[in-house]
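Chemist: Before we start, here is the structure in question, set down as structure tokens.
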């Protein structure tokens with residue numbers, strides 16, 4: 001039986017994210033083991049690679065809105081494949097500047113693919129089917145995120161760390177082939193304002209549209225708290241929760257389990273619950289998780305494990321619900337720019353959260369920094385409860401609302 005367009009897009013998405021996550025995992029291994037670099041060089045190259053999400057998103061979103069989505073996805077993954085293959089060569093030849101440029105452009109290809117895919121989903125699925133369609137994409141993304149570091153580590157352990165980039169290039173090429181088999185999706189934007197004006201129009205729409213504004217505020221504050229947690233959890237777990245290194249690793253793995261289960265059950269929950277309830281559930285479970293982390297040592301680390309599971313499970317359900325809602329309330333000609341605006345806001349706040357957690361942890365201890373986590377999660381919940389989102393019954397009910 002042939003794949004449906006959404007199934008094909010889901011596979012292409014999984015491969016695209018697999019390529020990106022393989023490159024992200026391989027980079028520090030290559031620099032440390034192959035190039036003899038220290039933390040400074042690792043941090044610099046990882047920052048260069050991650051900068052694509054901030055630098056490329058806004059102009060790419062504006063260009064995607066005035067272009068055919070399938071063409072963008074194919075070209076983006078061909079760019080990623082070529083650049084990741086170049087990264088493998090540069091790593092083998094110990095050419096650090098070329099390696100940095102290659103991973104930056106490879107990540108730019110992923111950025112363009114992600115934004116194109118977000119804009120393509122409502123063209124391939126009916127509004128009622130959006131939660132199921134987005135759940136497929138999020139499940140593929142979660143599997144790629146969890147498996148890529150393992151593959152990169154195995155290659156590095158075999159003394160072949162640069163092959164991580166070669167495998168990433170192959171994944172990106174396969175993603176491009178799958179994307180080329182999608183049906184054509186005509187461009188939606190009839191007008192072509194100057195690029196700067198187009199970007200400003202997208203940001204203004206996010207701020208004016210009440211549902212999108214609440215989603216953006218919730219995501220920004222939640223990500224701030226999550227990256228505070230990522231910055232301080234290991235020392236907090238080792239000194240305050242009584243966990244050893246193995247227990248800490250097991251606790252962190254619960255986050256991935258929550259992501260996978262959340263992606264699997266989200267479509268069923270979307271059929272049982274109001275969309276407003278679904279969007280409240282993610283931040284509410286995060287608040288419970290943040291409070292559980294404050295409880296101190298528990299037998300076998302049960303509460304921290306449960307907390308990280310909830311931090312994966314609840315926000316994954318929220319992610320699928322809010323993505324579907326964004327696709328419903330956003331005019332087709334603005335989908336790329338709306339996705340880019342929220343993406344830049346979220347990725348921009350992540351390093352700030354990590355820096356804030358590290359600064360407070362260094363000055364007042366990890367126990368002080370961890371207090372910010374439930375506080376930030378509570379503010380993300382407040383952003384939903386104080387908005388019209390909490391009263392929203394269905395995706396269809398949101399369709400007439402516009403900014």
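Chemist: Give the Debye-formula value of log10 I(q)/I(0) at each listed q (0.09, 0.11 Å⁻¹), with one equal scatterer per alpha carbon of the stretch 5-178, two decimals each.
Modeler: Normalising to I(0) and taking log10 leaves -0.29, -0.43.
Chemist: Which shape class applies to the stretch 234-327: rounded if a/c is under 1.5, otherwise prolate when a/b exceeds b/c and oblate if not, where a ≥ b ≥ c are the square roots of the Cα gyration tensor eigenvalues?
Modeler: Taking the square roots of the gyration eigenvalues as a ≥ b ≥ c, the stretch 234-327 is prolate.
Chemist: Compute the length gained on full extension between residue 154 and residue 89: take 0.36 nm times their separation in residues and subtract their Cα-Cα distance, giving the result in nm to one decimal.
Modeler: 21.5 nm
Chemist: Additional query: Packing-wise, with mean Cβ within 10 Å as the measure, how do 330-336, 310-316 rank, highest first?
Modeler: Highest-to-lowest ranking by the protection proxy: 310-316, 330-336.
Chemist: In nm, to one decimal, how far is the modelled label at residue 195 from the one at residue 367, with both set 7 Å along Cα→Cβ?
Modeler: 5.2
Chemist: If you take all C-alpha pairs in the stretch 174-227, what percent of them are over 16 Å apart?
Modeler: Tail of P(r) above 16 Å: 67 percent of Cα pairs.
Chemist: Show me the ranking of peptides 166-175, 26-35 by mean Cβ neighbours inside 10 Å, starting with the highest.
Modeler: Per-residue Cβ counts within 10 Å, averaged per peptide and sorted highest first, yield 166-175, 26-35.
Chemist: Sticking with this one: Given the peptides 199-207, 223-231, arrange them by the average over their residues of other C-beta atoms within 10 Å, most packed first.
Modeler: 223-231, 199-207
Chemist: Working from the alpha-carbon coordinates of the stretch 201-398, get Rg over Rh, Rh being the Kirkwood radius.
Modeler: Across the stretch 201-398, the Cα-based Rg/Rh ratio is 1.00.
Chemist: Counting alpha carbon pairs within less than 8 Å and at least 6 residues apart, what relative contact order, in whole percent, applies to the stretch 201-398?
Modeler: For the stretch 201-398, the relative contact order is 43 percent.
Values quoted throughout were computed directly from the atomic coordinates according to the rules given, and no laboratory measurement underlies them. Model, not experiment: these values are computed from the prediction. No Cβ is skipped: glycine too gets one built from the backbone with ideal geometry, and neighbour counts run over all protein chains shown.
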